[in-house]
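> Next up is a structure, given as structure tokens.
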Amino acid sequence: MSTDHEISGGVDGDSNENKFLSFCLGDEEFGVEILRIREIIGLIDITPIPHTPDYVKGVINLRGKIIPVIELRTKFGLESVAYTEETCVIVVEVADGPDGEMFQMGVIVDSVREVIDVPRDKVEPAPRFGGSLNTGYIMGMGKVRDKVLILLDIDKVLLDQELESLAHASRSMDEARETAAA
Amino acid sequence: MHREDLIENLAKQTAMCDASDLNSLAALHEQFEKLRDALDDPETGRLAGTAHDAGELVERIVLREVADAEAALEDVRKAAAFLQEALEAIASGESPPESPDLSSSSNVRASRDPELVEAWTQSVEDAIGEIEPVALRAEQGECQDDDVAEVRRRIHTIKGEAGVLSLVDAQKVLHDFETELDACEELPVERTLAIVDWLRACISSLQSDPDGDLPAFDEGSNAASIPEDDGGASVSADQEEGGGSSQEGDESDPNEPIVFENLEHDENMADFLSESREHIANAEGALLELEENPTDGELINTVFRAFHTIKGVAGFLHLDPIVRLAHSAEFLLDAARKQTVTLTSGTIDLILKSCDQMARLIEAIEGASGPLRGELDSLIRLLDDAAAGKEIASGTPAVVSAPKKNKAGESGGGDNPNRARRRDQTVKVSTTRMDALVDMVGELVIAQQMVVQDPTIQGINDQRVQRNLTHTGKIIRDLQEVAMSLRMVTLKALFQKMSRLVRDVSSKAGKRIRLEIEGEDTELDRTVVEEISDPLVHMIRNACDHGIEPEEERIRAGKPAIGTLALRAYHRGGSIVIEVADDGRGLDREKILKKAIERGLVGDRDPADISDDEVHNMIFLPGFSTAEKVTDISGRGVGMDVVRRNIEALRGHVEIRSKKGEGSTFYMRLPLTMAIIDGMVVRVGTQRYVVPTLNIEQSFRPTPEQIHTVAGGRGEMAMVRGSLLAVHRLKNLFGLREGEDDLTNALLLVLDANGDRACLVVDEILGQQQVVIKNLGRGLGSIRGVSGGAILGDGRVAPILDVSGLLASAAEQGTQPGGAHVDGS
């Protein structure tokens, strides 16, 4: 699934290779390779587009270019929260297929933290949780200082259809738990 | 000779070389490369391959890619010895020995670079795509002047690329074919198709085994027509490098292109080139008018002056061939001016050809390949004969080889003489850059409006600030106008090209056709103009060839002897209409219907119920024109579905109206531009959408009496001008939570998508504006009912509705409230 080799898949010899942008969804902290990030913008008007999955919030006008925006919470099956001052859109470059064209997409996250250097030897493969929890979109777990960063394979996150079923699965699990608690 | 020296050196060096001495290995590699270049002609092409392989092997030794360096070096020595032997054999006229197998030590040929192979097969595929239709067209007797040149150019390119891959055999076959083409005026169809088939076989062979040998070219029944090797051998190496223009050869060889040497490319030359182009353009225009009016002294003078001026300057610049041609043309025109010779269409033909040749000579100065000497000489002879009063058979100046519009170096698709002539005044800019510019200017306008409307800015009570803001705003608006106009061009150049085409086609077909042109100043998006050129050529050719009858037949039918073809362009309802109308025999309903029934295009309908228009437009159906002999159906229909596809790709529409015996008219309806549409901005709840104005017939607020429900309110209909139309609520179609539910408070848009009509419910119309169509971004895929997005004046995005997709999905979903759900799969 994820190995050191995959992590080093960026541009060889670039000093940004091991750098990740960290952001939060709730209490969990995630990391995305800095090389894939175009820019970070505050939340702007999003135009909803019909007949799209619910995690697609719509499209925005990024300086004359229209790009789609997705809400990572919904994509991961987490519950939506009201947007705050800290909510922002990370514009990432996504590659469609192994040698596919790069295109831009916006990702809504709760807040952006910092740029962290995660040396390769601090990355561990994602643990397997078994069952319905698919960890295919996780490149690895980065241990920096005293926290753990979930390093995302952004192509898989944004393009993998499996994740949606994962989202549904975890949601139904939540519901089941809620019903059980009640 | 040079290569003998090279090989001798090489043999010595290989003998002394040590596998660990990198310096000498590097030198050796270089020597092999040089030798390969020296051997790169068909006679010794095989040897070049060996030299190349040996060079590569040396390189691999240097790079330590071979397992056994000593064994590899031994192979290199063998190769050198073989080369020496083979060259000696060739020099003494014997056949060269078999080449040694170098693969034993390192599999030299083990891998062709897969990327290069891929690139080559790709470009061969492209070439096939270009060559084959040309050949097929030539077979149909529809050959064009530049067919041979086009095929030759393609063949030349893939030959060069085959060389890179060391596909020596393929290179040789292609080279022979190229030489053969040089000698022909008409495309040898059978041979060309044989080459195409062989190329296909090559591709599939390379695809299954990239390192394998290519299939041999089966010369088939035409073996006799293959020219001897030695004819082309002496020039091939030069052609390889110089694209054919740097050939040296016997001065008087009529098959040699004219080459200008030792030219000084200074300011005088640049002026001469651009001025000559203008003169030629003027002359050509005047000549076309002269055809109508062959005794007009002023027109003859114009043409005379053009040649005279060119001759004068060319003499000053020592451009001998141009002087000779201009002189002869001038002489003929002078005779016409003095009325010792009357201009006939034959002589005008000749002078037009002189214009073509002149243009080619001018291109030759700039490095393109010039006309052949023989061509020029025979043209000059004909001009002199004509001036001496000898009869020129009208329409059959076949002695002069048809001027090939050879613009090999230029844009592949365009053989528009005007475009070439104005080359020095225009810059080619990639459309992506231009689009980026237009995008950014659009953004600039929005950003500027935001600044101006900012309350803080508006609160500034300083006259100077306000004045500066207004000034900036004006500049930005001008900038936007210019940016938009960058994309627009008039139809003038295209129509001019067509008038030449009509002239050529009609004289070839032996008909007299008068071309009427209207609206050539109409402006259209550049891409649209480029894209309609081919369909237009098709239609015009068809009209001239098949639509307009031969003279006798016209007279018999009581029509004027001279046929009329009209080319018109005009605005109609937000789009441009281009008409090609002829007064020929028209379409034959019965024949088309018969064919359509044969092809199963009619279904089980009663043929008598089908309207004439519908029958006529069947010629655009795919599968119709692929019929073996479409020319049966009064000729129309050759490639008509291709025409339709081209035009529909431009978001245009084409149809034909025809009346038997009275002629037919093609109507092409085209959008003004590819990038901008006229749209109605509508609102549902807080959301805004853009509906293309083209699709909107009318809008109205319905009264309760106009609304009818079906199936207990699940289906809604509205009575619009006597017809009952389905009512679809955009709110439901898009699964929106907001928006007006009471129809009498809402607005109905009557939409029409290719005859499919329905009403769409929206809250209100916010206004009409032109919007730039943008992609919604990848990652969303295609969304039914939405064709793209537009950035509105406030910088926000509004989806543009795809009306036909929307109506189709509405028809599937039904109209019950809540019938549409967000597609969550």
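The values are calculated or read from the model by the stated rules, or taken from the named source; none is laboratory data. Predicted model only: the values in this text are computed from it and were never measured. Cβ: placed from backbone, ideal geometry, glycine included. Neighbour counts: every protein chain shown. Accessible surface is based on the protein model in full, side chains and every heavy atom, while ligands, DNA and RNA are left aside. Shrake-Rupley method; radii C 1.70, N 1.55, O 1.52, S 1.80 Å.
> Which trypsin sites (Lys or Arg not before Pro) does region A:102-131 hold that lie in a coil by DSSP with at most 12 other beta carbons within 10 Å?
Those satisfying the criteria are A:128.
> Going highest first, how would you order B:52-62, B:771-781, B:78-88 by mean Cβ packing within 10 Å? It would help to have the intermediate numbers written out before the result.
On the way: B:52-62: 22.6, B:771-781: 18.8, B:78-88: 20.4.
The most tightly packed comes first, giving B:52-62, B:78-88, B:771-781.
> Could you tell me the accessible area of residue B:616 in Å² (1.4 Å probe, neighbours in place), rounded to the nearest ten?
About 10 Å², rounded to the nearest 10.
> Using 1/(1 + (r/R0)^6) with R0 = 30 angstrom and r between the beta carbons of residue B:429 and residue A:35, what's the FRET efficiency to the nearest 0.05? Intermediate results must be reported in sequence, preceding the final value.
Details: r = 31 Å, r/R0 = 1.03.
In this case the efficiency is close to 0.45.
> Would you kindly state how much longer the chain becomes between residue B:698 and residue B:84 on full extension, computed as 0.36 nm times their sequence separation minus their alpha carbon distance, in nm to one decimal?
Numbers: separation 614, 0.36 × 614 = 221.04 nm, distance 8.55 nm.
212.5 nm is the gain from fully extending residue B:698 to residue B:84.
> Related question: Which of the lysines could a cross-linker span from residue B:594 if the Cα-Cα distance has to be under 22 Å and same-chain partners fewer than 8 positions apart are dropped?
B:629, B:659, B:660
> Related question: How many Å² of accessible surface get buried when B and A come together, counting both sides, probe radius 1.4 Å, rounded to the nearest 100?
Adding both sides of the contact gives about 2200 Å².
> Mind checking which of B:596, B:536, B:671 is farthest towards the positive end of region B:490-671's charge dipole, using Cβ charges of +1 (Lys, Arg) and -1 (Asp, Glu) about the Cα centre?
B:536
> Name the lysines eligible as straight-distance cross-link partners of residue B:492: C-alpha to C-alpha under 27 Å, and not fewer than 8 places from it in the same chain.
B:353, B:404, B:405, B:407, B:428, B:508, B:511
> Given a 1.4 Å probe, how much area per residue of region B:431-487 is accessible, in Å²?
Using a 1.4 Å probe on heavy atoms only, each residue of region B:431-487 averages 72 Å².
> Say R0 is 22 Å: what FRET efficiency, to the nearest 0.05, do residue B:292 and residue B:557 get from their beta-carbon distance?
Given R0 = 22 Å and the Cβ-Cβ separation, E is 0.40.
> I'd like the accessible area for residue B:667, computed on protein heavy atoms only with a 1.4 Å probe and all protein chains in place. Round to 10 Å², please.
My reading of the accessible area for residue B:667 is about 60 Å².
> Compute the FRET efficiency between residue A:96 and residue B:388 as 1/(1 + (r/R0)^6), taking r as their Cβ-Cβ distance and R0 = 60 Å, and round to the nearest 0.05.
Once rounded, the FRET efficiency stands at 0.25.
> Only Cα pairs under 8 Å and at least 6 apart count here; give the relative contact order of region B:554-600 as a rounded whole percent.
26
> Here's a follow-up. Counting only other chains, what is the mean number of Cβ atoms within 10 angstrom of the Cβ of each residue in peptide B:440-446?
The mean count of partner-chain Cβ atoms within 10 Å per residue comes to 2.
> What average count of beta carbons from other chains do you get within 10 Å of the Cβ of residues in A:64-71?
Across the residues of A:64-71, the mean count of other-chain Cβ atoms within 10 Å is 6.
> Is the shape of region B:490-671 rounded, prolate or oblate, going by the alpha carbon gyration tensor and its root eigenvalues a ≥ b ≥ c, with a/c under 1.5 for rounded and a/b larger than b/c for prolate?
Since a/c reaches 1.5 but b/c is at least a/b, the shape of region B:490-671 is classed as oblate.
> Can you tell me how region B:676-813 classifies by the Cα gyration tensor, rounded, prolate or oblate, using a/c under 1.5 as the rounded cut?
prolate
> Would you tell me the mean number of C-beta atoms belonging to other protein chains that fall within 10 Å of each C-beta in B:780-791, as a whole number?
On the way: counts 12, 3, 1, 5, 2, 2, 4, 0, 1, 7, 2, 6.
Neighbouring Cβ atoms belonging to other protein chains average 4 per residue here.
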